[in-house]
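Undergrad: Have a look at this one before I ask anything.
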Amino acid sequence: MSVNSTKPERKLAWVTGASAGIGRALALRLVRAGYSVVVTARSHEKLVELQQEAAGEGRITVLDGDVTDPDDMERVMAAIEYDHGHLALVVLNAGVALSVRGDDLHREAFETSFAVNVNGVVNCLLPAVAHMKAQGHGHIAIVSSAAGYGGLPTSAAYGASKAALINMAESLKFDLDRIGIRLQIICPGFVDTPGTARIRFPRPAMLSADEAADRIVAGLKSKRFEIAFPRHFAYAVKLMRLLPYGLYFGLLKWLTAGSAEAAGPAKRAGPGERRHQAV
Ligand SMILES: NC(=O)c1ccc[n+]([C@@H]2O[C@H](COP(=O)([O-])OP(=O)(O)OC[C@H]3O[C@@H](n4cnc5c(N)ncnc54)[C@H](OP(=O)(O)O)[C@@H]3O)[C@@H](O)[C@H]2O)c1
């Protein structure tokens with residue numbers, strides 16, 4: 001694996017969704033770990049701010065792009081090939097956290113969650129895998145969530161999109177292993193980021209974005225397929241998933257009792273207001 005590299009030349013990493021939160025913190029950590037980093041998101045100004053913050057420590061290249069646009073992602077990959085040659089690591093982190101309630105279903109939450117969180121990953125995977133297959137090696141990490149382990153209140157769109165990523169990664173691993181591409185899935189618990197700042201229910205075992213980035217960099221160095229953190233939180237959610245449904249639903253109802261989003265009356269978000277989802 002490349003994070004430990006002792007070679008003098010800097011390897012290249014590409015991080016999507018690097019304008020804020022986990023992606024931003026991770027891009028800075030990767031620079032400090034010895035990578036040159038290409039950062040992608042839609043907010044150009046924020047990416048340039050990140051680039052300036054990293055100046056002096058290493059090289060960050062800004063390539064704006066919307067992960068829901070396959071042409072944009074092909075263009076980013078072509079620019080990487082042209083400017084840098086070899087891509088060692090891709091972290092597919094861009095995502096949206098939209099909540100939806102069964103008594104207030106709205107199409108947009110499902111369409112956006114799958115467009116960004118699932119198809120956005122596919123739009124990056126296609127050119128990245130083609131590039132890494134041609135060079136004979138590479139390392140890809142996909143950011144899912146502990147919400148992908150099982151159904152949680154208000155998580156029908158977000159959780160389903162993250163579950164799809166876990167299944168997708170498990171499936172792809174068989175073939176990517178054979179062509180020398182290492183694949184990992186990243187499943188964070190709660191992380192304090194702009195994307196989750198407006199969540200109104202308790203977020204147990206929450207980490208800062210910097211702590212999350214540290215866990216991810218350590219996980220990228222490991223041989224594990226899954227990078228799940230905080231460990232005790234991930235194990236607890238996984239263990240809950242093994243319970244019979246009666247106990248699973250009962251326990252979740254008890255744990256989320258008093259949560260405005262999960263238990264209160266359905267309230268539609270106003271225009272432009274984002275609905276935020278746990279983990
Ligand atoms: N925070 C948590 O508690 C938590 C827990 C588990 C998993 N995760 C996952 O971790 C990842 C990062 O989460 P976060 O909390 O750091 O989110 P965040 O603070 O909301 O940041 C999301 C990032 O994704 C980018 N993004 C969103 N839509 C995009 C699009 N269409 N094209 C390109 N970039 C796009 C945003 O940039 P622009 O808006 O500038 O495009 C931003 O850089 C997500 O996949 C999330 O599901 C988060």
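No value in this document is a laboratory result; all are computed from the given coordinates. Being a predicted model, the structure only gives us computed values, none of them experimental. Quick reminder, even Gly has a Cβ in these numbers, built from the backbone with ideal geometry, and neighbours come from all protein chains shown.
Undergrad: Please list the non-local residues whose amide H lies under 5 Å from the amide H of Gln184, H modeled 1.01 Å from N, same-chain partners needing a gap of 5 or more.
TA: Ile140, Ala141, Ile142
Undergrad: Then there's this: Using a simple spin-label model with points 7 Å from Cα along the Cα→Cβ vector, what separation in nm is obtained for Glu45 and Leu251?
TA: 4.6
Undergrad: Taking the chain as the reference, fit the longest principal axis to its C-alpha atoms, fit the long axis of helix 158-178 to the helix C-alpha atoms, and give the angle between the two in degrees, 0 to 90, nearest 10.
TA: The two axes meet at around 40 degrees.
Undergrad: Further question: For an R0 of 22 angstrom, estimate the FRET efficiency from the Cβ-Cβ distance between Ala218 and Glu57 and round to the nearest 0.05.
TA: Numbers: r = 19 Å, r/R0 = 0.87.
The value I calculate is 0.70.
Undergrad: Helix 245-255: angle to the longest alpha-carbon principal axis of the chain, degrees 0 to 90, nearest 10?
TA: The angle comes out at about 90 degrees.
Undergrad: So how far apart, in nm, are the two label points at Glu81 and Asn119 if each is 7 Å from Cα heading toward Cβ?
TA: 2.4
Undergrad: Still on this structure, I have one more. Counting alpha carbon pairs within less than 8 Å and at least 6 residues apart, what relative contact order, in whole percent, applies to the range 71-148?
TA: Details: 59 pairs, mean separation 35.8, N = 78.
RCO, the range 71-148: 46 percent.
Undergrad: Over the Cα atoms of the chain, compute the convex hull volume and normalise it per residue, giving Å³.
TA: Details: hull volume 34.8 nm³, N = 279.
Per residue, the Cα convex hull of the chain comes to 125 Å³.
Undergrad: Taking only the Cα atoms of the range 135-222, how large is their convex hull per residue, in Å³? Could the numbers behind the result be given before it?
TA: Working: hull volume 10.0 nm³, N = 88.
It comes to 114 Å³ per residue, whole-number rounded.
Undergrad: Just how large is the dipole of the range 6-137 about the Cα centre, in debye to the nearest 20, putting +1 at every Lys and Arg Cβ and -1 at every Asp and Glu Cβ?
TA: My answer is approximately 660 debye.
Undergrad: Please count, across the chain, the pairs of lysine residues with Cα atoms under 28 Å apart that sit 8 or more places apart or on different chains.
TA: Taking the Cα cut-off of 28 Å, the pair count is 28.
Undergrad: Determine, from the Cβ-Cβ distance of Ser208 and Arg178 and an R0 of 41 Å, the FRET efficiency 1/(1 + (r/R0)^6), rounded to the nearest 0.05.
TA: On the way: r = 38 Å, r/R0 = 0.92.
Here the calculated transfer efficiency is 0.60.
Undergrad: Mind putting a number on the dipole of the range 9-72 about its Cα centre? Charges go on the C-beta only, +1 for Lys and Arg and -1 for Asp and Glu, and I need it in Debye to the nearest 20. Before the final figure, lay out each step's value.
TA: Details: 8 positive and 10 negative charges, 87 e Å.
About 420 debye.
Undergrad: Using a basic spin-label model with each label point 7 Å from the Cα along Cα→Cβ, how many nm lie between Ala134 and Leu243?
TA: So the label points at Ala134 and Leu243 sit 5.1 nm apart.
Undergrad: Which angle between 0 and 90 degrees, to the nearest 10, do you get for helix 120-135 versus the longest principal axis of the chain when only C-alpha atoms count?
TA: Helix 120-135 sits roughly 30 degrees off the main axis of the chain.
Undergrad: Sticking with this structure for a sec: Taking amide H atoms as placed 1.01 Å from N in the peptide plane, list the residues 5 or more away in sequence, or in a different chain, whose amide H sits under 5 Å from that of Ser155.
TA: Long-range HN contacts for Ser155: Val100.
Undergrad: Further question: Just round it to a whole percent: the fraction of Cα-Cα distances in the range 26-69 exceeding 14 Å. Walk me through the intermediate numbers first.
TA: On the way: 395 of 946 pairs.
Of all Cα-Cα pairs in the range 26-69, 42 percent lie more than 14 Å apart.
Undergrad: For the range 53-63, in order, what is each residue's ³J(HN,Hα) by Karplus, 6.51 cos²θ - 1.76 cosθ + 1.60 with θ = phi - 60°, in whole Hz (x at glycine and Pro)?
TA: Residue by residue, the range 53-63 yields 5, 7, 4, x, 9, x, 9, 10, 10, 8, 10 Hz.
Undergrad: With viscosity set to 0.890 mPa s at 25 °C, what whole-number translational diffusion coefficient in µm²/s follows for the range 1-146 from Stokes-Einstein and a Kirkwood radius over Cα pairs?
TA: Numbers: Rh = 15.7 Å.
Roughly 157 µm²/s, to the nearest whole number.
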